[in-house]
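Report on the structure given below.
The values are calculated or read from the model by the stated rules, or taken from the named source; none is laboratory data. Computed from a predicted model, the values in this text were never measured in an experiment. Cβ placement follows ideal geometry from the backbone for every residue including glycine, while neighbour counts extend to all protein chains displayed.
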C-alpha cells in the first residue's frame with residue numbers, strides 16, 4: 001500500500017515561489033495498477049518523484065506499507081528504495097557500450113546481490129522481455145523497442161514491489177509501444193508488483209485499475225475501476 005497524505009511541493013521562495021503540487025492525498029493498494037494523468041507541466045512527474053522518494057515534499061507524508069518514507073535518513077532511504085522500487089523512464093538510459101547482460105546486472109551489483117545468484121536473475125529478466133538471445137549483444141546495437149525492453153529487464157531484475165514508469169512509450173511507435181505496455185501489465189500480474197504509470201495518454205490510463213488526473217498541481221479526479229466493478233456486481 002502506498003499512502004499519500006496532504007502532499008504539497010513548492011519550489012522557490014516568496015515572489016519566486018511556484019506550487020507544483022497542492023494538498024495531494026490518495027492510496028494505492030499493493031499489487032494494483034495506477035495511472036497518473038496530466039498535461040505537460042501539470043505536476044505528474046513531480047508527484048512520481050515524491051512518491052518514490054527521489055524528491056522531498058514541502059509538506060505532507062508518504063507511507064509505503066508501514067514505512068514513513070521521509071522519516072528515514074538518506075542511506076536508509078537509498079537502501080529501502082533499492083530493495084523496494086524500480087524505475088522506467090521515457091529516455092532509456094541504457095549503457096550503449098555494455099552488453100545487455102551487463103546492463104541488467106547493474107542493479108544487482110549496486111544491491112550487493114551475491115555473485116552466485118546474479119546469472120539466473122539476469123537471464124530470467126532478459127527472458128521475460130524476450131531478449132535472452134541478446135545477452136552478449138552491446139546495448140547500442142539494439143533497436144529503440146529493444147532498448148526499452150532492456151530498460152524494463154533492468155528494472156525488474158531485482159523483483160521490485162513497486163515499478164514506476166514515466167511515459168515509458170513516449171519515444172516509441174504505436175505498435176512497439178503497445179507491446180511494451182502489454183509487457184508491463186503482464187509483469188504486474190506475474191510479479192504481483194504495484195505498477196505506477198505517469199502518462200498523458202487517456203487510452204492507456206483507462207487500462208489501469210486506478211486513475212488520478214492532475215491539473216495545475218491539484219487532483220482533478222480520482223477513478224477506482226475496481227470499486228466501480230464491485231458496486232455493479
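Looking at (1) in a helix (DSSP H, G or I); (2) without any contact (Cβ under 8 Å) to a residue 12 or more places away in the chain; (3) under 30 Å from residue 3 (Cβ atoms), which one does residue 112 not meet, given that it meets all the others? Unmet condition: (1). Restricting 60, 31 to those that are closer than 26 Å to residue 208 by Cβ and under 16 Å from the mean Cα position of the chain (by Cα) reduces the list to 31.
Quick check on this structure: which one of 10, 36 is part of a strand (DSSP E or B) and in contact (Cβ under 8 Å) with a residue 60 or more places away in the chain?
Every option except 36 fails the conditions.
Inclusion of residue 158 among residues that are out of contact with any strand residue (DSSP E or B) (no Cβ under 9 Å at 6 or more places or on another chain) and at pLDDT 85 or above is not warranted.
Quick one: count up the residues across the stretch 104-120 that are surrounded by 11 or more Cβ atoms within 10 Å (Cβ to Cβ) and either over 17 Å from residue 160 (Cα atoms) or over 20 Å from the mean Cα position of the chain (by Cα) (or both).
Residues in the stretch 104-120 being surrounded by 11 or more Cβ atoms within 10 Å (Cβ to Cβ) and either over 17 Å from residue 160 (Cα atoms) or over 20 Å from the mean Cα position of the chain (by Cα) (or both): 4 in total.
Total residues in the stretch 49-79 satisfying the condition of being outside any loop (DSSP other than H, G, I, E, B) and either touching a helix residue (DSSP H, G or I) at 6+ places or on another chain (Cβ under 8 Å) or within 20 Å of residue 19 (Cα to Cα) (or both): the figure is 13. The condition (being over 16 Å from the mean Cα position of the chain (by Cα) and at pLDDT 90 or above) is satisfied by just one residue among 194, 213, 176: 213.
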